[in-house]
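Below: the structure, in structure tokens.
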Amino acid sequence: QVQLVESGGGLVQAGDSLRLSCAASGRTFSNYGMGWFRQAPGKEREFVAAISWPGSSTYYADSVKGRFTISRDKAKNMVYLQMNSLKPEDTAVYYCAADGRQFRNIPIMTSDLVGYWGQGTQVTVSS
């Protein structure tokens, strides 16, 4: 139902900004809550940010709150993650995610709620 493709990752220096994009396919994309997760080598995939299916509510991990902003453009079937003031500890593969159900009113802050994953895009922040 939903296919996700991330882009925008790369190698940056600490303090830099980066915007990740997630292109979604599927006519019901706008009905799903969306999110971003990240996974560093040897660690579990962790929640980063989420946005509700209407796009009116956002949620963030404490580690990125105030620095990252999630948004969506339903007309373009896009989800974005604006990352500012990047730190070396932000280095990870970032995954776009869609809820496993339509119209759910809770954020996808755990992997068990995710129904669709993108392939991931690498973000590396050097000091």
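Points to keep in mind about this one:
- All conditions but one from (1) touching a Leu at 6+ places or on another chain (Cβ under 8 Å); (2) surrounded by 14 or more Cβ atoms within 10 Å (Cβ to Cβ); (3) at positive phi apply to residue 15; the one that does not is (2).
- Subset tally (residues that are open to solvent by 60 Å² or more (accessible area, probe 1.4 Å) and not in a strand (DSSP E or B)) for region 18-53: 7
- Scope region 58-72; condition in a loop (DSSP other than H, G, I, E, B) and of a type in the set (A, V, I, L, M, F, W, C); matching residues: 61, 64
- Residue in region 83-127 that is surrounded by the most Cβ atoms within 10 Å (Cβ to Cβ), counting only those that are in a loop (DSSP other than H, G, I, E, B) and of a type in the set (Gly, Ala, Ser): 118
- Filter pass, residue 84 being touching a residue at least 12 places away in the same chain (Cβ under 8 Å), at positive phi and more than 10 Å from the chain's Cα centre (by Cα): no
- Yes/no for residue 68 being within 13 Å of residue 18 (Cβ to Cβ), open to solvent by less than 40 Å² (accessible area, probe 1.4 Å) and within 14 Å of the chain's Cα centre (by Cα): yes
The values are calculated or read from the model by the stated rules, or taken from the named source; none is laboratory data. Being a predicted model, the structure only gives us computed values, none of them experimental. Using ideal geometry, Cβ is built from the backbone for each residue, glycine included, and neighbour counts are taken over all protein chains shown. Protein only, heavy atoms only, side chains kept; ligands, DNA and RNA dropped before computing areas. Shrake-Rupley method; radii C 1.70, N 1.55, O 1.52, S 1.80 Å.
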